[in-house]
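Beneath this line is the structure, given in structure tokens, with notes to follow.
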Amino acid sequence: MNSHEHVFDDRTPGVEEHESTASYLSYTVGLALAIVATAASFIVSQTDLLWPPGIPVGLIVLAFAQIGVHLVFFLHLGSGPDSTNNILALAFGVLIVFLVITGSVWIIANLNTNMTAVPMQ
Amino acid sequence: MTAAAVDTAPAAVPTGLARGRGGGGPAPKRIVVAYGFWIFILSDMVMFSAMFAAYAVLYGNTAGGPTGAELFNIRNVFLETLCLLFSSYTCGLGALSAERRDPTRFLIFAALTFLLGTAFLVIEVTEFSGMVEKGAGPTRSAFLSAFFTLVGTHGVHVASGLIALIYLVAQVVVKGLHPAILRRLLCWSLFWHALDIVWVGVFTLVYLLRA
């Protein structure tokens, strides 16, 4: 029976006390990673450090990396049970955002190539 | 022995593991409130995605007017990015200080967050008014309409976040750090961090990907 004891906590549902996973250190680590990603984005876009045709892909990868850093270190989305619902909602949000943006770009690009340009006036 | 363990375990587990999996009993209120606010933030993200899509589609339609490469000052954008990033950092530290019931530290970090957010807005408004003076206002071309809509909406969010911060600091000063106010602070910090995430999309798509 001893092995069960650590599983139960006596907290009444709705009680505010909780152990925070965040600390000054975790915010500082997040800030450092975010600064690295930001600086890399600006350097990559302003120089020829990266193979030029690969720059857009590099920038998009860096943006996703930075968004990931923000989600984990600032918004505290983790693998804990308290985050499960938030992560499911986020996954749905990401799906909608993806559909709206790529769908619009795709459809309008098709329209642009398939419609002949009408000269003005 | 084994029979007793089988008997007690299923009954006891639901009350012990009430941590947001629906396994028994409600989750703590701060988890529920933060989840509700998270849904709001995601709906805000969906709204921003429409503006990102509009910008991506209209980016090339300059109607003979100035292009992004001619208008944008990358150094200013970098400064704006740093302001917002550091304000996100101080906002997180402020929320942490509030959680640890340290009002002095909270007020210092809230003031820093406010200053950095204001600095961001000042740079942005200067940039916008400079563009309008050059004749590159939102009415000039579809590209500029989309630009001002996207970046302007983000700016309006930052401005309303700053107003909400004043309101929250006033509440903390008057009422102290009690649980209901801590939950409002938690929601506000979620909002502020989310704005920084939107800004990552803005500076990547609008300012850096224009080559």
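Tabulated values for the structure
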read-out	value
Total residues in region A:46-67, condition in a helix (DSSP H, G or I) and open to solvent by 30 Å² or more (accessible area, probe 1.4 Å)	11
Among (1) closer than 17 Å to B:LEU205 by Cα; (2) open to solvent by 80 Å² or more (accessible area, probe 1.4 Å); (3) aliphatic (A, V, I, L, M), the one test that A:VAL100 misses	(2)
Residue in region B:39-56 that is charged (D, E, K, R), more than 8 Å from chain A (Cβ to nearest Cβ) and under 26 Å from A:LEU33 (Cβ atoms) present	yes
Helices (runs of 4 or more DSSP H) enclosed by region B:19-112 - at least 1 residues per element that are in contact with a Leu (Cβ under 6 Å, 6 or more places away or on another chain) and open to solvent by 20 Å² or more (accessible area, probe 1.4 Å)	B:29-58, B:74-99
Condition met for A:PHE74 (closer than 14 Å to B:ILE41 by Cβ, at the interface with chain B (Cβ under 8 Å from one of its Cβ atoms) and open to solvent by 30 Å² or more (accessible area, probe 1.4 Å))	no
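The values are calculated or read from the model by the stated rules, or taken from the named source; none is laboratory data. These numbers were taken from a predicted model, which means no experiment stands behind them. Virtual Cβ from ideal backbone geometry, glycine too; neighbours counted across all protein chains shown. Please note that ligands, DNA and RNA were not included when accessible areas were found on the heavy atoms of the full protein model with its side chains. Shrake-Rupley method; radii C 1.70, N 1.55, O 1.52, S 1.80 Å.
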